[in-house]
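The values are calculated or read from the model by the stated rules, or taken from the named source; none is laboratory data. The model shown is predicted, which means the values in this text are computed figures rather than measured ones. Here the Cβ is made from the backbone with ideal geometry for all residues, glycine too, and neighbour counts use every protein chain on show. For the accessible areas, the whole protein counts, side chains as well, though only heavy atoms, and no ligand, DNA or RNA atoms are used. Shrake-Rupley method; radii C 1.70, N 1.55, O 1.52, S 1.80 Å.
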Amino acid sequence: MTRGGRIKDRETPERRCIVTGEVQPKAGLIRFVAGPDGEVVPDLAEKLPGRGFWVVADRQALDKAAAKGLFSRGAKARVTAPPELLALIESGLARRVTDTLSLARKAGLAVAGFEKVKDWLAAGKAKVLLQASDGSERGKGKLWTPPGGRWFGCMTASELGLSFGRDHVIHSALAPGGLTDKLIRDASRLTGLREHDGGNAAAGKE
């Protein structure tokens with residue numbers, strides 16, 4: 001059982017945030033390591049060697065870690081955070097979402113366009129609805145979050161378009177699968193960095 005009194009799920013890896021001190025599933029945190037030059041390096045893929053330290057995927061928490069020297073405490077060594085650290089994390093997460101969505105499209109697990117997405121939602125084929133943060137709120141409100149699924153509005157139309165070889169995409173849906181689970185994790189973390197939900201939710205958004 002954790003300090004908060006909830007039953008610990010042994011199947012879910014957990015880590016402690018160096019800012020909040022809370023232990024939570026690592027899917028909601030970002031791993032960092034100390035680079036050879038003494039700078040903090042975000043390890044979004046969680047594969048870099050070295051002692052890892054974790055911060056919840058939240059802009060305020062990351063700002064506090066940099067301002068208060070908490071990265072050094074986590075690394076147990078003196079490290080510095082580059083001024084562009086948050087921008088690096090944000091762009092890195094957006095790229096990971098774009099790349100994963102592109103792979104899902106090539107595997108036949110993702111579609112784009114209002115009508116195709118609506119058909120997938122109606123047929124129960126979608127697990128995730130992605131809608132562009134800069135898309136029409138009226139149009140986005142005509143679609144709905146898949147029952148038991150997720151909605152994200154943290155990507156721009158041009159970012160979503162990259163995954164489909166188009167200039168822009170407003171609506172996209174993904175079927176269940178390993179790629180979709182990976183996208184959910186990165187999109188969740190990106191939402192925390194961008195501090196917005198992309199405007200009005202689709203109907204029934206969580």
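Would a scan of region 112-125 turn up a residue that is touching a Phe, Trp or Tyr at 6+ places or on another chain (Cβ under 8 Å) and within 19 Å of ILE184 (Cα to Cα)?
For region 112-125, residues touching a Phe, Trp or Tyr at 6+ places or on another chain (Cβ under 8 Å) and within 19 Å of ILE184 (Cα to Cα): present.
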- [ ] Using the structure shown, decide if ARG185 is touching a helix residue (DSSP H, G or I) at 6+ places or on another chain (Cβ under 9 Å), open to solvent by 10 Å² or more (accessible area, probe 1.4 Å), part of a loop (DSSP other than H, G, I, E, B) and of a type in the set (Lys, Arg).
- [x] no
Task: Total residues in region 60-109, condition buried (at least 19 other Cβ atoms within 10 Å of the Cβ), under 30 Å from LYS125 (Cβ atoms) and without any contact (Cβ under 8 Å) to a residue 12 or more places away in the chain - done: 0
Open item on the list: Condition first: open to solvent by 40 Å² or more (accessible area, probe 1.4 Å) and either without any contact (Cβ under 8 Å) to a residue 40 or more places away in the chain or closer than 24 Å to ARG96 by Cα (or both). Now tell me which residues in region 136-146 satisfy that.
Closed with: SER136, ARG138
Open item on the list: Being open to solvent by less than 10 Å² (accessible area, probe 1.4 Å), among the aliphatic types (A, V, I, L, M) and either more than 30 Å from GLY178 (Cα to Cα) or not in a helix (DSSP H, G or I) (or both): is that true of VAL33 here?
Closed with: yes
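Right, ALA122: modelled with pLDDT of 95 or more, within 21 Å of the chain's Cα centre (by Cα), surrounded by fewer than 16 Cβ atoms within 10 Å (Cβ to Cβ) and not in a loop (DSSP other than H, G, I, E, B) or not?
no
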Task: Matching option when the condition is more than 28 Å from LEU160 (Cβ to Cβ) and either β-branched (Val, Ile, Thr) or open to solvent by 60 Å² or more (accessible area, probe 1.4 Å) (or both), among VAL23, VAL56 - done: VAL23
TODO: Working only within region 150-169, note down all residues that are more than 19 Å from GLY92 (Cα to Cα) and buried (at least 21 other Cβ atoms within 10 Å of the Cβ).
DONE: TRP151, VAL169
TODO: Name every residue in region 77-111 that is under 13 Å from ARG189 (Cβ atoms) and either touching a strand residue (DSSP E or B) at 6+ places or on another chain (Cβ under 7 Å) or part of a strand (DSSP E or B) (or both), in order of residue number.
DONE: ILE89, GLY92
